[in-house]
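Structure first, then comments.
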Amino acid sequence: MRYAMTMDTRKCVGCSDCVVACQTENNVPLGYCRDWIVEHTAGTYPHLDMELRSERCNQCDNTPCVRTCPTGASHVIEGGIVKVTPEECIGCGACIQACPYDARYFHPDGYVDKCTFCDHRVKKGQTTACVAVCPTKCLTFGDLDDPNSDVSKLLRDRKWKVLAPEAGTKPHVFFLT
């Protein structure tokens with residue numbers, strides 16, 4: 001089982017419902033976030049393309065954040081979800097520097113925090129909080145190893161990209177184009 005998420009850049013309206021749902025579900029302190037909205041514009045006037053993306057930890061197969069953690073606080077659990085054990089984190093920031101997606105932050109309680117694909121919800125058979133609230137259904141969560149999962153079907157049927165492919169991290173967040 002390898003969990004993954006797709007984000008349809010054609011459907012996202014940048015409403016930030018995913019951001020608020022994550023903050024509420026995961027008790028993220030005010031002023032911090034585990035996911036965020038990016039507005040990207042490419043081209044030159046008058047031929048411009050704009051894309052809205054809901055971004056978060058990419059739950060990579062090749063995890064520079066885990067490799068650089070001196071205490072083992074950053075680790076991978078079942079389903080390929082990358083987590084941080086707060087009690088083992090010394091707040092050195094090595095994982096923050098190693099992440100090519102800027103997906104981690106210093107929690108005010110002294111440890112590094114990040115998206116966990118809401119593993120506590122997934123264990124109960126629920127989807128992630130961000131997917132559950134998205135009004136345009138641009139976010140999809142599922143098992144990459146299941147060819148019948150919605151995520152697998154979307155990746156077969158649609159064009160997609162990953163962020164920072166040159167980093168070689170083999171991310172599990174895919175952006176449908």
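Of the residues screened, Lys83 is not one that is of a type in the set (D, E, K, R) and either within 23 Å of Val13 (Cα to Cα) or modelled with pLDDT under 95 (or both). Taking the criterion of being without any contact (Cβ under 8 Å) to a residue 12 or more places away in the chain and under 22 Å from Pro70 (Cβ atoms), the only residue of region 97-147 that qualifies is Asp102.
Is it fair to say Asp61 is under 24 Å from Gln23 (Cβ atoms) and in a loop (DSSP other than H, G, I, E, B)? No, not satisfied. Considering only residues that are among the β-branched types (Val, Ile, Thr) and open to solvent by 30 Å² or more (accessible area, probe 1.4 Å), look in region 8-40 and name the one that is farthest from Arg104 (Cα to Cα). My answer is Val13.
Provide a single number: the residues in region 134-155 that are open to solvent by 60 Å² or more (accessible area, probe 1.4 Å) and not acidic (Asp, Glu). Number satisfying all stated conditions: 5.
Within region 44-102, the residues that satisfy the criterion of being touching a Gly at 6+ places or on another chain (Cβ under 7 Å) and open to solvent by less than 40 Å² (accessible area, probe 1.4 Å) are Leu52, Gln59, Gly91. Pairs are defined by a Cβ separation below 7 Å, a sequence spacing of at least 6 or placement on different chains, a first member in region 24-42 that is aliphatic (A, V, I, L, M), and a second member that is open to solvent by 80 Å² or more (accessible area, probe 1.4 Å) and in a loop (DSSP other than H, G, I, E, B); no pair meets this definition. Sub-6 Å Cβ pairs linking a first residue in region 75-88 that is closer than 18 Å to Val173 by Cβ and touching a residue at least 40 places away in the same chain (Cβ under 8 Å) to a second residue that is open to solvent by 20 Å² or more (accessible area, probe 1.4 Å) and among the hydrophobic types (A, V, I, L, M, F, W, C), at least 6 apart or interchain, are Gly79/Met1, ordered by first then second residue.
The values are calculated or read from the model by the stated rules, or taken from the named source; none is laboratory data. If you're wondering where the values come from, they're calculated on a predicted model, not measured in any experiment. Cβ sites come from the backbone with ideal geometry, for glycine too, and all protein chains shown count toward neighbours. Quick note on the areas: whole protein, heavy atoms, side chains included, nothing else; ligands and nucleic acids left out. Shrake-Rupley method; radii C 1.70, N 1.55, O 1.52, S 1.80 Å.
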